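The values are calculated or read from the model by the stated rules, or taken from the named source; none is laboratory data. The model shown is predicted, which means the values in this text are computed figures rather than measured ones. As a convention, Cβ positions derive from the backbone with ideal geometry for all residues, glycine included, and neighbour counts pool all protein chains shown. To get the accessible areas, we keep the full protein, side chains included, count just its heavy atoms, and leave off ligands, DNA and RNA. Shrake-Rupley method; radii C 1.70, N 1.55, O 1.52, S 1.80 Å.
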Amino acid sequence: MIQPTNHPSDPAELEPCVAHWHLQGESYTRTLLRLGHEQPQQRAKTITLLLKLGAWAEARSLVLPWLMEWLAALPQRGRPDRDASVELWRCLAAVSERSHDDQLLQLFWQGLARLRPAASSSGVLPLVGVPILNGVTHLQRLLASLDVPIQTLALVDQSGGRTDPASLNLRRELQRLEDEGLPGVDQVRVSRPFGNAGVAAAWNQILLGFPQASLVLLVNHDVAFPPGVLAEALARLNPDQPQYMALFPGERAFSAFLLTALAWDAVGLFDERYYPAYCEDLDYRDRLLATPVVQRLDGSFAHARMVRWNPRQSSTLADDPALAKANSRSFELNRLWYSFRGRGPGSAWVTSGQWRQRWLTQWD
(Lines give C-alpha, C1' and ligand atoms only; values in the text may rest on other atoms or scores of the structure.)
Protein backbone atom coordinates (compact mmCIF):
# COMPACT_ATOMS: atom_id res chain seq x y z
CA MET A 1 0.00 0.00 0.00
CA ILE A 2 1.34 3.40 -0.92
CA GLN A 3 2.06 5.52 2.16
CA PRO A 4 2.96 9.21 2.27
CA THR A 5 6.20 10.34 3.83
CA ASN A 6 5.99 11.37 7.46
CA HIS A 7 6.13 15.10 6.78
CA PRO A 8 5.36 15.91 3.15
CA SER A 9 6.35 19.44 2.19
CA ASP A 10 4.77 19.48 -1.28
CA PRO A 11 1.26 18.45 -2.38
CA ALA A 12 2.86 16.62 -5.31
CA GLU A 13 4.28 14.11 -2.84
CA LEU A 14 0.74 13.08 -1.92
CA GLU A 15 -0.47 12.71 -5.51
CA PRO A 16 0.32 8.97 -5.82
CA CYS A 17 -1.38 8.27 -2.51
CA VAL A 18 -4.51 10.16 -3.52
CA ALA A 19 -4.62 8.34 -6.86
CA HIS A 20 -4.25 5.02 -5.07
CA TRP A 21 -7.09 5.75 -2.63
CA HIS A 22 -9.23 6.99 -5.49
CA LEU A 23 -8.79 3.68 -7.29
CA GLN A 24 -9.53 1.82 -4.09
CA GLY A 25 -12.73 3.85 -3.63
CA GLU A 26 -13.84 3.11 -7.19
CA SER A 27 -13.23 -0.58 -6.56
CA TYR A 28 -15.31 -0.50 -3.38
CA THR A 29 -18.07 1.41 -5.20
CA ARG A 30 -18.27 -1.16 -8.00
CA THR A 31 -18.34 -3.97 -5.47
CA LEU A 32 -21.16 -2.34 -3.52
CA LEU A 33 -23.22 -1.81 -6.67
CA ARG A 34 -22.87 -5.50 -7.57
CA LEU A 35 -24.29 -6.65 -4.23
CA GLY A 36 -27.91 -7.69 -3.85
CA HIS A 37 -30.33 -4.94 -2.83
CA GLU A 38 -33.60 -6.80 -2.53
CA GLN A 39 -34.21 -5.98 1.13
CA PRO A 40 -34.66 -2.39 2.42
CA GLN A 41 -31.94 -2.92 5.02
CA GLN A 42 -29.48 -4.02 2.32
CA ARG A 43 -30.28 -1.02 0.15
CA ALA A 44 -30.00 1.33 3.07
CA LYS A 45 -26.62 -0.06 4.16
CA THR A 46 -25.24 0.11 0.62
CA ILE A 47 -26.40 3.71 0.17
CA THR A 48 -24.86 4.68 3.50
CA LEU A 49 -21.51 3.18 2.52
CA LEU A 50 -21.62 4.84 -0.93
CA LEU A 51 -22.19 8.20 0.72
CA LYS A 52 -19.22 7.59 3.02
CA LEU A 53 -17.14 6.96 -0.10
CA GLY A 54 -18.37 10.20 -1.61
CA ALA A 55 -20.11 8.30 -4.41
CA TRP A 56 -23.17 10.55 -4.45
CA ALA A 57 -24.24 9.78 -8.03
CA GLU A 58 -24.09 6.05 -7.34
CA ALA A 59 -26.06 6.48 -4.10
CA ARG A 60 -28.67 8.42 -6.05
CA SER A 61 -28.83 5.64 -8.66
CA LEU A 62 -29.98 3.28 -5.92
CA VAL A 63 -32.33 5.57 -4.02
CA LEU A 64 -34.21 6.84 -7.10
CA PRO A 65 -35.67 3.47 -8.24
CA TRP A 66 -36.36 2.62 -4.61
CA LEU A 67 -38.35 5.85 -4.28
CA MET A 68 -40.28 5.17 -7.49
CA GLU A 69 -41.17 1.64 -6.34
CA TRP A 70 -42.36 3.02 -3.01
CA LEU A 71 -44.49 5.72 -4.64
CA ALA A 72 -46.06 3.18 -7.00
CA ALA A 73 -47.03 0.99 -4.03
CA LEU A 74 -48.56 3.80 -1.94
CA PRO A 75 -52.18 3.28 -0.91
CA GLN A 76 -54.67 5.59 -2.56
CA ARG A 77 -56.01 6.67 0.82
CA GLY A 78 -54.74 7.11 4.33
CA ARG A 79 -51.05 7.14 5.12
CA PRO A 80 -48.13 4.89 4.21
CA ASP A 81 -46.71 2.31 6.59
CA ARG A 82 -44.21 4.49 8.43
CA ASP A 83 -42.26 1.62 9.97
CA ALA A 84 -41.69 0.07 6.54
CA SER A 85 -40.77 3.44 5.01
CA VAL A 86 -38.31 4.90 7.47
CA GLU A 87 -35.17 3.39 5.87
CA LEU A 88 -36.09 4.89 2.51
CA TRP A 89 -36.85 8.26 4.09
CA ARG A 90 -33.51 8.25 5.90
CA CYS A 91 -31.56 7.43 2.74
CA LEU A 92 -33.53 9.91 0.67
CA ALA A 93 -32.81 12.67 3.17
CA ALA A 94 -29.10 11.77 3.32
CA VAL A 95 -28.69 11.73 -0.47
CA SER A 96 -30.65 14.97 -0.89
CA GLU A 97 -28.69 16.78 1.82
CA ARG A 98 -25.33 15.84 0.35
CA SER A 99 -26.17 16.34 -3.31
CA HIS A 100 -28.70 19.20 -2.96
CA ASP A 101 -30.93 17.21 -5.32
CA ASP A 102 -34.31 18.97 -5.37
CA GLN A 103 -35.66 16.58 -7.98
CA LEU A 104 -35.72 13.72 -5.49
CA LEU A 105 -37.55 15.87 -2.97
CA GLN A 106 -40.06 17.03 -5.58
CA LEU A 107 -40.81 13.44 -6.56
CA PHE A 108 -41.29 12.48 -2.92
CA TRP A 109 -43.61 15.34 -1.92
CA GLN A 110 -45.56 15.33 -5.19
CA GLY A 111 -46.15 11.62 -4.70
CA LEU A 112 -47.42 12.13 -1.15
CA ALA A 113 -49.67 14.96 -2.34
CA ARG A 114 -51.62 12.43 -4.39
CA LEU A 115 -52.76 10.63 -1.24
CA ARG A 116 -56.36 11.16 -0.22
CA PRO A 117 -57.66 11.08 3.35
CA ALA A 118 -59.07 7.86 4.69
CA ALA A 119 -62.67 7.46 3.56
CA SER A 120 -65.40 8.07 6.11
CA SER A 121 -68.83 6.51 6.06
CA SER A 122 -71.48 8.33 4.05
CA GLY A 123 -73.45 10.80 6.15
CA VAL A 124 -70.92 10.74 9.02
CA LEU A 125 -69.05 13.82 10.22
CA PRO A 126 -65.44 12.79 10.93
CA LEU A 127 -64.69 15.76 13.20
CA VAL A 128 -66.60 18.56 14.95
CA GLY A 129 -64.50 21.22 16.68
CA VAL A 130 -65.85 23.67 19.27
CA PRO A 131 -63.86 26.29 21.20
CA ILE A 132 -65.64 27.37 24.38
CA LEU A 133 -64.92 29.98 27.05
CA ASN A 134 -68.28 30.20 28.85
CA GLY A 135 -71.93 29.31 28.38
CA VAL A 136 -72.67 25.69 29.28
CA THR A 137 -76.34 26.14 28.36
CA HIS A 138 -75.44 27.27 24.85
CA LEU A 139 -73.09 24.32 24.44
CA GLN A 140 -75.80 21.89 25.51
CA ARG A 141 -78.17 23.39 22.92
CA LEU A 142 -75.50 22.98 20.24
CA LEU A 143 -74.81 19.36 21.15
CA ALA A 144 -78.52 18.53 21.16
CA SER A 145 -78.80 19.88 17.60
CA LEU A 146 -76.08 17.64 16.12
CA ASP A 147 -78.34 15.27 14.19
CA VAL A 148 -75.77 13.28 12.18
CA PRO A 149 -73.34 10.60 13.39
CA ILE A 150 -69.99 12.05 14.49
CA GLN A 151 -66.69 10.25 14.84
CA THR A 152 -64.89 12.80 17.07
CA LEU A 153 -66.22 15.78 19.00
CA ALA A 154 -63.25 17.98 19.94
CA LEU A 155 -63.89 20.64 22.59
CA VAL A 156 -61.27 23.26 23.46
CA ASP A 157 -61.76 24.58 26.99
CA GLN A 158 -60.55 28.19 26.98
CA SER A 159 -61.53 28.83 30.63
CA GLY A 160 -58.21 27.76 32.17
CA GLY A 161 -57.14 30.11 34.97
CA ARG A 162 -60.68 31.44 35.55
CA THR A 163 -62.14 30.53 38.94
CA ASP A 164 -65.62 32.06 38.75
CA PRO A 165 -68.56 29.69 39.31
CA ALA A 166 -69.53 29.65 35.62
CA SER A 167 -66.04 28.55 34.58
CA LEU A 168 -65.93 25.85 37.23
CA ASN A 169 -69.33 24.61 36.09
CA LEU A 170 -68.11 24.56 32.48
CA ARG A 171 -65.10 22.46 33.37
CA ARG A 172 -67.27 19.99 35.29
CA GLU A 173 -69.59 19.63 32.31
CA LEU A 174 -66.71 19.11 29.87
CA GLN A 175 -65.25 16.45 32.15
CA ARG A 176 -68.64 14.73 32.32
CA LEU A 177 -68.93 14.75 28.53
CA GLU A 178 -65.45 13.30 28.19
CA ASP A 179 -66.17 10.59 30.76
CA GLU A 180 -69.70 9.65 29.74
CA GLY A 181 -69.67 10.45 26.04
CA LEU A 182 -72.57 11.65 23.93
CA PRO A 183 -75.16 9.64 21.95
CA GLY A 184 -74.27 9.55 18.26
CA VAL A 185 -70.62 10.49 18.93
CA ASP A 186 -67.87 7.86 18.84
CA GLN A 187 -65.50 9.81 21.09
CA VAL A 188 -65.45 13.13 22.98
CA ARG A 189 -62.05 14.73 23.41
CA VAL A 190 -61.33 17.84 25.49
CA SER A 191 -58.25 20.04 25.15
CA ARG A 192 -57.37 22.17 28.18
CA PRO A 193 -54.90 25.00 27.44
CA PHE A 194 -53.50 27.01 30.35
CA GLY A 195 -55.84 29.86 29.47
CA ASN A 196 -57.69 31.52 26.64
CA ALA A 197 -55.26 31.11 23.74
CA GLY A 198 -57.70 32.66 21.27
CA VAL A 199 -60.09 31.36 18.65
CA ALA A 200 -57.45 30.84 15.94
CA ALA A 201 -55.26 28.85 18.32
CA ALA A 202 -58.23 26.69 19.34
CA TRP A 203 -59.12 25.95 15.72
CA ASN A 204 -55.49 25.06 15.03
CA GLN A 205 -55.40 22.69 18.01
CA ILE A 206 -58.38 20.88 16.54
CA LEU A 207 -56.91 20.62 13.04
CA LEU A 208 -53.48 19.56 14.29
CA GLY A 209 -54.88 17.18 16.90
CA PHE A 210 -56.84 15.10 14.40
CA PRO A 211 -54.92 15.16 11.10
CA GLN A 212 -56.49 11.87 10.03
CA ALA A 213 -59.95 13.47 9.73
CA SER A 214 -61.00 14.02 6.13
CA LEU A 215 -63.47 16.77 7.01
CA VAL A 216 -64.12 19.11 9.93
CA LEU A 217 -67.03 21.23 11.09
CA LEU A 218 -65.75 24.18 13.12
CA VAL A 219 -68.57 25.86 15.03
CA ASN A 220 -69.04 28.41 17.79
CA HIS A 221 -70.46 27.01 21.02
CA ASP A 222 -73.51 29.30 20.84
CA VAL A 223 -74.74 27.98 17.47
CA ALA A 224 -77.47 25.38 17.00
CA PHE A 225 -78.39 23.57 13.79
CA PRO A 226 -81.89 23.29 12.35
CA PRO A 227 -82.91 19.68 11.63
CA GLY A 228 -81.45 18.33 8.41
CA VAL A 229 -78.92 21.10 7.70
CA LEU A 230 -75.85 19.03 8.58
CA ALA A 231 -77.03 16.02 6.60
CA GLU A 232 -77.63 18.19 3.55
CA ALA A 233 -74.23 19.84 3.91
CA LEU A 234 -72.48 16.46 4.12
CA ALA A 235 -74.30 15.31 0.97
CA ARG A 236 -72.88 18.29 -0.94
CA LEU A 237 -69.26 17.93 0.22
CA ASN A 238 -66.59 15.70 -1.30
CA PRO A 239 -63.65 14.99 1.07
CA ASP A 240 -61.56 13.98 -1.94
CA GLN A 241 -61.55 17.64 -3.02
CA PRO A 242 -60.25 20.81 -1.29
CA GLN A 243 -63.57 22.39 -0.28
CA TYR A 244 -64.97 25.04 2.07
CA MET A 245 -68.61 25.71 2.94
CA ALA A 246 -70.06 28.41 5.21
CA LEU A 247 -73.41 27.62 6.82
CA PHE A 248 -74.05 31.28 7.74
CA PRO A 249 -74.11 34.21 5.31
CA GLY A 250 -71.86 37.26 5.24
CA GLU A 251 -69.96 38.30 8.32
CA ARG A 252 -71.22 35.28 10.28
CA ALA A 253 -69.69 32.81 7.81
CA PHE A 254 -67.04 31.58 10.23
CA SER A 255 -69.50 30.93 13.05
CA ALA A 256 -70.15 27.50 11.49
CA PHE A 257 -68.19 26.26 8.50
CA LEU A 258 -66.84 23.06 7.00
CA LEU A 259 -63.35 22.41 5.62
CA THR A 260 -62.01 19.29 4.00
CA ALA A 261 -58.52 18.19 4.99
CA LEU A 262 -57.29 18.96 1.48
CA ALA A 263 -58.56 22.54 1.88
CA TRP A 264 -56.71 23.20 5.11
CA ASP A 265 -53.65 21.52 3.63
CA ALA A 266 -53.79 24.03 0.76
CA VAL A 267 -54.58 27.17 2.77
CA GLY A 268 -52.71 26.38 5.98
CA LEU A 269 -53.55 27.00 9.61
CA PHE A 270 -55.28 30.03 11.11
CA ASP A 271 -53.19 33.04 12.06
CA GLU A 272 -52.86 33.01 15.85
CA ARG A 273 -51.57 36.58 15.91
CA TYR A 274 -55.20 37.69 16.00
CA TYR A 275 -55.88 37.47 19.71
CA PRO A 276 -58.20 36.53 21.27
CA ALA A 277 -60.79 36.82 18.46
CA TYR A 278 -62.00 38.83 15.47
CA CYS A 279 -60.33 39.39 12.10
CA GLU A 280 -58.77 35.91 12.07
CA ASP A 281 -61.79 34.97 9.94
CA LEU A 282 -61.17 37.85 7.51
CA ASP A 283 -57.56 36.81 7.18
CA TYR A 284 -58.55 33.21 6.44
CA ARG A 285 -61.20 34.34 3.99
CA ASP A 286 -58.55 36.31 2.10
CA ARG A 287 -56.26 33.28 2.01
CA LEU A 288 -59.10 31.05 0.78
CA LEU A 289 -59.76 33.50 -2.05
CA ALA A 290 -56.04 33.56 -2.85
CA THR A 291 -55.93 29.75 -3.14
CA PRO A 292 -57.68 28.94 -6.43
CA VAL A 293 -57.50 25.18 -5.89
CA VAL A 294 -59.97 25.45 -2.97
CA GLN A 295 -63.62 25.11 -4.04
CA ARG A 296 -65.92 27.51 -2.17
CA LEU A 297 -69.20 25.61 -2.08
CA ASP A 298 -72.52 27.44 -1.97
CA GLY A 299 -74.04 27.06 1.50
CA SER A 300 -77.00 29.33 0.81
CA PHE A 301 -79.40 26.38 1.16
CA ALA A 302 -78.74 26.67 4.93
CA HIS A 303 -78.32 30.42 5.42
CA ALA A 304 -81.91 31.53 6.01
CA ARG A 305 -82.65 28.57 8.30
CA MET A 306 -79.43 29.10 10.29
CA VAL A 307 -80.17 32.80 10.82
CA ARG A 308 -83.74 32.11 11.95
CA TRP A 309 -82.52 29.38 14.29
CA ASN A 310 -79.72 31.60 15.66
CA PRO A 311 -80.99 35.21 15.85
CA ARG A 312 -78.54 36.12 18.61
CA GLN A 313 -74.82 36.65 17.96
CA SER A 314 -71.75 36.59 20.25
CA SER A 315 -73.26 34.99 23.33
CA THR A 316 -69.76 34.72 24.78
CA LEU A 317 -69.59 38.50 25.09
CA ALA A 318 -73.26 39.02 25.93
CA ASP A 319 -72.97 36.64 28.88
CA ASP A 320 -69.88 38.31 30.39
CA PRO A 321 -69.57 42.12 30.59
CA ALA A 322 -65.88 41.86 31.51
CA LEU A 323 -65.17 39.96 28.28
CA ALA A 324 -67.20 42.49 26.31
CA LYS A 325 -65.11 45.33 27.76
CA ALA A 326 -61.85 43.53 26.97
CA ASN A 327 -63.10 42.79 23.47
CA SER A 328 -63.71 46.47 22.81
CA ARG A 329 -59.92 46.90 23.00
CA SER A 330 -58.79 43.73 21.26
CA PHE A 331 -61.28 44.18 18.41
CA GLU A 332 -59.88 47.59 17.50
CA LEU A 333 -56.28 46.43 17.79
CA ASN A 334 -57.02 43.43 15.57
CA ARG A 335 -58.64 45.73 13.01
CA LEU A 336 -55.43 47.75 12.90
CA TRP A 337 -53.38 44.58 12.58
CA TYR A 338 -55.55 43.23 9.76
CA SER A 339 -55.17 46.50 7.83
CA PHE A 340 -51.39 46.64 8.33
CA ARG A 341 -49.57 45.56 5.18
CA GLY A 342 -46.44 44.73 7.16
CA ARG A 343 -48.14 41.83 8.98
CA GLY A 344 -47.30 39.40 6.18
CA PRO A 345 -44.67 36.65 6.42
CA GLY A 346 -42.07 38.78 4.63
CA SER A 347 -41.67 41.08 7.63
CA ALA A 348 -39.41 39.49 10.23
CA TRP A 349 -40.55 41.57 13.21
CA VAL A 350 -44.20 40.57 12.94
CA THR A 351 -43.77 36.81 12.96
CA SER A 352 -45.19 36.55 16.47
CA GLY A 353 -48.27 38.02 18.11
CA GLN A 354 -46.84 37.70 21.62
CA TRP A 355 -46.26 41.41 22.12
CA ARG A 356 -49.88 42.25 21.27
CA GLN A 357 -51.15 39.45 23.50
CA ARG A 358 -49.07 40.83 26.40
CA TRP A 359 -50.61 44.27 25.90
CA LEU A 360 -54.14 42.91 25.86
CA THR A 361 -53.75 40.71 28.94
CA GLN A 362 -51.96 43.45 30.90
CA TRP A 363 -54.81 45.87 30.25
CA ASP A 364 -57.44 43.49 31.65
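In table form, for the structure just shown:
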quantity: Checking Gly111 against (1) surrounded by fewer than 20 Cβ atoms within 10 Å (Cβ to Cβ); (2) at pLDDT 90 or above; (3) not hydrophobic (A, V, I, L, M, F, W, C), the condition it does not meet; calculated: (2)
quantity: Residue count, segment 222-236 (criterion: closer than 21 Å to Val293 by Cα and open to solvent by 10 Å² or more (accessible area, probe 1.4 Å)); calculated: 3
quantity: Residue among Ala144, Ala166, Ala119, Ala200 that is touching a helix residue (DSSP H, G or I) at 6+ places or on another chain (Cβ under 7 Å) and either outside any strand (DSSP E or B) or open to solvent by 20 Å² or more (accessible area, probe 1.4 Å) (or both); calculated: Ala200
quantity: Tally, over segment 8-59, of residues that are closer than 30 Å to Trp89 by Cβ, of a type in the set (Val, Ile, Thr) and modelled with pLDDT under 75; calculated: 2
quantity: Verdict on Leu92 being at pLDDT 90 or above and either of a type in the set (S, T, N, Q) or under 26 Å from Ser214 (Cα atoms) (or both); calculated: no
quantity: Selection status of Tyr278, assigned to a loop (DSSP other than H, G, I, E, B), out of contact with any strand residue (DSSP E or B) (no Cβ under 6 Å at 6 or more places or on another chain) and not hydrophobic (A, V, I, L, M, F, W, C); calculated: yes
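Every residue, every condition in (1) surrounded by 18 or more Cβ atoms within 10 Å (Cβ to Cβ); (2) out of contact with any His (no Cβ under 8 Å at 6 or more places or on another chain), yes or no:
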residue	(1), (2)
Gly209	no, yes
Gln212	no, yes
Val216	yes, yes
Asn220	yes, yes
Asn238	no, yes
Leu247	yes, no
